[in-house]
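Okay, structure first, notes after.
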Amino acid sequence: MTQGLLLMNKPIGLSTFDLIRLFKRANPTFKGKIGHAGTLDVFAQGLVILLINTTKHFAHFQTLTKDYQAGVRLGASSPTLDIEGALTEKPLDFYPSFSALQALLPQFVGSYNQTIPQYSAAKQGGKSLYSLARRGATIIPKSKPVTIDSLELIAYKYPLVNIKVICSSGTYIRQLTFDIFKKLDIDSLLFSLTRTQIGEYQLKNSISPTEFGDWEKNLISFAV
């Protein structure tokens, strides 16, 4: 049985499950199992790994670090902590300097319990938090252990900041960036997110959904 990994460049506007549906549509005779090694938000883009007849190894990919380029807008907020929520402008009384932001980032490197965003797929009473949040239900605060391996300030020109993040699987980047700038009492939201790497697998080696029809030549062998 043909098996391996497909490195995909997920476009903005598609879900991870949309990629799987597009694969099946482009290959109606495919009878194997297909899954993913971790989702990526609809508004985000970048590397998604599809598991072709290797879905039993999903847990392995949860041990790999993930690299992101995160674009943050200062002086604005949303209930979802990103551009998918209703935006509220909150102009700053001062503009932080590049050096001030550089000095701030090391405080968030390491392992700690990260607050789980209210608008997330995490469960409470068997229901997703985002469905409860949309209904205005009371949500009990929860957290989870994460590890931030490194943070690098790539660019900054108010109100936009670009940060490179290397972190453990399951880290909420929008919560991370919100927490970083809240330390300076600055409201912010995540306006762009690109995943560039998962473990050793890099975005530059990925294919687009338009190449699904010739997927076998792009299959990467995999063995744990």
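The values are calculated or read from the model by the stated rules, or taken from the named source; none is laboratory data. None of the values given here were measured: they were computed from a predicted structure. Counting neighbours? That spans all protein chains shown, and the Cβs are built from the backbone with ideal geometry, glycine included. These area figures cover heavy atoms from the full protein model, side chains too; ligands, DNA and RNA do not enter into them. Shrake-Rupley method; radii C 1.70, N 1.55, O 1.52, S 1.80 Å.
In table form, for the structure just shown:
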| quantity | calculated |
| --- | --- |
| Cα-based Rg and Dmax for the chain, where Dmax is the largest Cα-Cα distance (Å) | 18.6, 62 |
| Pairwise centroid distance, computed over Cα atoms, of the stretch 3-23 with the stretch 177-204, Å | 21 |
| Per residue solvent-accessible surface (Å²) - the chain, probe of 1.4 Å | 51 |
| Overall dimensions of the stretch 142-224 by Cα: Rg and Dmax, Å | 16.8, 51 |
| Under 12 Å from the K164 label point (7 Å along Cα→beta-carbon), backbone N, the stretch 59-82 | 67-70 |
| Degrees, to the nearest 10: 173-182 long Cα axis against longest axis of the chain | 10 |
| L104-T29 FRET efficiency (beta carbon distance; Förster radius 41 Å; 0.05 resolution) | 0.15 |
| Order of exposure, largest accessible area first, which applies to D67, D149 with probe 1.4 Å | D149, D67 |
| Of K33/K144; K24/K142; K10/K33, those spanning more than 28 Å from alpha-carbon to alpha-carbon | K33/K144; K24/K142 |
| Mean projected area (nm²) of the alpha-carbon convex hull when the stretch 64-103 is viewed from all directions | 4.4 |
| From the C-alpha gyration tensor of the stretch 1-87, square roots of 5λ in Å | 30, 15, 9 |
| Extension gain from I12 to I207, taking 0.36 nm per residue of separation minus the Cα-Cα distance | 68.7 nm |
| Kirkwood Rh and Cα Rg combined as Rg over Rh, evaluated for the stretch 15-66 | 0.98 |
| Probe 1.4 Å - accessible area at T39, Å² to nearest ten | 70 |
| Under 13 Å, Cβ to Cβ, from K204 - net charge with Lys/Arg +1 and Asp/Glu -1 | -1 |
| Loop sites in the stretch 1-109: trypsin sites (Lys or Arg not before Pro), DSSP, at most 14 other Cβ within 10 Å | K31, K33 |
